Amino acid sequence: MRKLLVILVLFLTSVSVQAENITFKADSSVPEIAEAYYQDCIEMVKGQFKLDLDGSDESIKHIESVLDNLSEHVRANGMDKNRVYNLAKMFGFYIGEVYKRNHGGVTWGNVIIDGTEYYALGKSKDNSPFFWPVLNVMKRIHKGRDANIQHYYSSIVGK
């Protein structure tokens, strides 16, 4: 029951865009950044963890296992905040690109939440904010298993 509640809370706080303090702006420079981090993620995970990321929805389970290890390390030993952010971008852009390639209907840009800007995907049809995977990877790293990225992704794709 606790796990279901955590998933529900993550889903509502991560996907809900009802609040007036959230806006999305498409940015044509972000897809190139996303592609570079997507490729970096594939190479790093294969090189360091011997896992093949194939761009499928199912590959997010590999990302979750890597993030579990990373989270444990960061929470036990600390890590430079810029290094953590760069890793969050790499994993977050991989997750976002997987969604974009497999489900479409979204565009890269930035979401502004309470005055702070984050990379995000917005809905192509109405330019509304949809989800912000880099920020959610940051949550996963700092909060641990309660912010499970595979559950988060599954809630978005409806699986």
The residue that is farthest from Y99 (Cα to Cα), considering only those in the stretch 20-36 that are within 15 Å of the chain's Cα centre (by Cα) and either buried (at least 16 other Cβ atoms within 10 Å of the Cβ) or at pLDDT below 95 (or both), is V30
Every listed condition ((1) under 17 Å from the mean Cα position of the chain (by Cα); (2) at pLDDT 95 or above) holds for S14 save (2)
Screening V106, V111 for residues that are open to solvent by less than 50 Å² (accessible area, probe 1.4 Å), under 19 Å from C41 (Cβ atoms) and aliphatic (A, V, I, L, M) leaves only V106
- Taking the stated definitions as given, is E58 among the charged types (D, E, K, R), in a helix (DSSP H, G or I), surrounded by fewer than 22 Cβ atoms within 10 Å (Cβ to Cβ) and free of Cβ contacts under 8 Å to residues at least 12 places away in the same chain? yes
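Within the stretch 61-94, take every residue that is of a type in the set (D, E) and assigned to a helix (DSSP H, G or I) and give me the one that is surrounded by the most Cβ atoms within 10 Å (Cβ to Cβ).
Initial filter on the stretch 61-94 (of a type in the set (D, E)): 64, 68, 72, 80.
Remaining after also requiring assigned to a helix (DSSP H, G or I): 64, 68, 72.
Details: E64: 19, D68: 17, E72: 13.
In this case the residue turns out to be E64.
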Among residues of the stretch 114-123 being assigned to a strand (DSSP E or B) and touching a strand residue (DSSP E or B) at 6+ places or on another chain (Cβ under 9 Å), the residue most open to solvent (accessible area, probe 1.4 Å) is E117
Log entry, pairs with first residue in the stretch 139-159 being under 13 Å from G92 (Cβ atoms) and touching a residue at least 40 places away in the same chain (Cβ under 8 Å), second being open to solvent by 20 Å² or more (accessible area, probe 1.4 Å) and outside any helix (DSSP H, G or I), beta carbons closer than 8 Å, six or more apart or on different chains, reads R140/N148
message = Given the criteria over 14 Å from I63 (Cβ atoms), basic (K, R) and within 15 Å of the chain's Cα centre (by Cα), does K143 qualify?
response = yes
Verdict on K46 being closer than 17 Å to E32 by Cβ, part of a helix (DSSP H, G or I) and open to solvent by 20 Å² or more (accessible area, probe 1.4 Å)
no
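The values are calculated or read from the model by the stated rules, or taken from the named source; none is laboratory data. Computed from a predicted model, the values in this text were never measured in an experiment. So basically every Cβ, Gly included, is an ideal-geometry build from the backbone, and we count neighbours across all protein chains shown. Just so you know, the surface numbers come from the protein's heavy atoms only, side chains and all, with ligands and any DNA or RNA stripped out. Shrake-Rupley method; radii C 1.70, N 1.55, O 1.52, S 1.80 Å.
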